[in-house]
Amino acid sequence: MHMPKRLLRFGVSLLSGGLALLYFAINFAPLAVASSLSQGYHSSETISVGTVVSLTKSGSNEIQTTTSLNESSLLGVAVDSKNAIVDLQPQGSDVRVAISGEAPILVSDTNGAIKAGDNLIISQVAGVAMKDSATNTTAKKYIAVASESFDNKSPSAKQVTIKQNGADKSVAVGLIKAKILLSDRQSSAKPNPFLAFVENLIGRPVGTAQLIGSVAVFITTFTFTGLLLNGSVKGAFVSLGRNPLSKPAIISNMIRVSVIALVILIAGVAMAYVILLI
């Protein structure tokens, strides 16, 4: 049985690339995910790490904690230098604000316990986010997407009292990691069920570009593996028809091709999974 050398070389190249990408993801991707882009601003009030902040007015360098009244000027989340991979600090700035990437953010369970993948909006507590809900019709902006869960039993949770509907209510407030989103809230938009399934599967939020890239890699790998096995089976039947006595050699060759195809498939699935984690 003869297997095209170009096909075999392509398979080996795909396997090598997959292993290289897997190595990169294991060693370097966590650093990239945990970092963010931050810029320096000034505030006349005390801003702690994780506070959601807004600009005081358009074009200014002055910030304040975000509330439902100023969320239209939403800027980002206050961080310290260790949370930023790129840190721009103009003269006179005293607060670092992350505007992209993953950063710690203050959240509350005002709208219930938060799960990884939940969209976060501003809560009744100034500068503190909460999970979005279909019943909330006032929020205009998505702040971030939760990267981990939070409830009143979380290690960072602290109880505070807020006013809700004229009555006192005790809620838990704490820090979690989240992927900064900063986009307009579409209250009528329906969530993508496939994207939600993937996020629940891997336990973290996934971007549309990541999902498309992962699916493309998986389909390409699956298609190539199918072509490789199909060519191997066809070649085996042709070889048996020409020379029935070569059956042992043909079977041995088919096993080798099947092992190569399996390894390539595993590498492709690993690549697709790594893309979702980056």
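Quick rundown of the values:
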{"quantity": "Cα-projected label distance for residue 72 with residue 194, points at 7 Å along beta-carbon direction, nm", "calculated": "3.7"}
{"quantity": "Interchain or long-range residues, amide H under 5 Å from residue 76's placed H", "calculated": "53"}
{"quantity": "Kirkwood-based shape ratio for the range 35-189, expressed as Rg/Rh from alpha carbons", "calculated": "0.95"}
{"quantity": "Sorted by Cβ neighbour density within 10 Å, fewest at the top, the residues 185, 256", "calculated": "256, 185"}
{"quantity": "From phi via Karplus (6.51, -1.76, 1.60), per-residue ³J(HN,Hα) for the range 44-51 in Hz, x at Gly/Pro", "calculated": "8, 10, 6, 10, 8, 4, x, 6"}
{"quantity": "Reachable aspartates and glutamates, given that their alpha-carbon falls under 16 Å from the alpha-carbon of residue 141 and they are not under 8 places away in the same chain", "calculated": "71, 118, 132, 184"}
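No value in this document is a laboratory result; all are computed from the given coordinates. Source: prediction; values computed, not measured. Because the Cβ atoms are built from the backbone with ideal geometry, glycine has one as well, and the counts that use them run over all protein chains shown.
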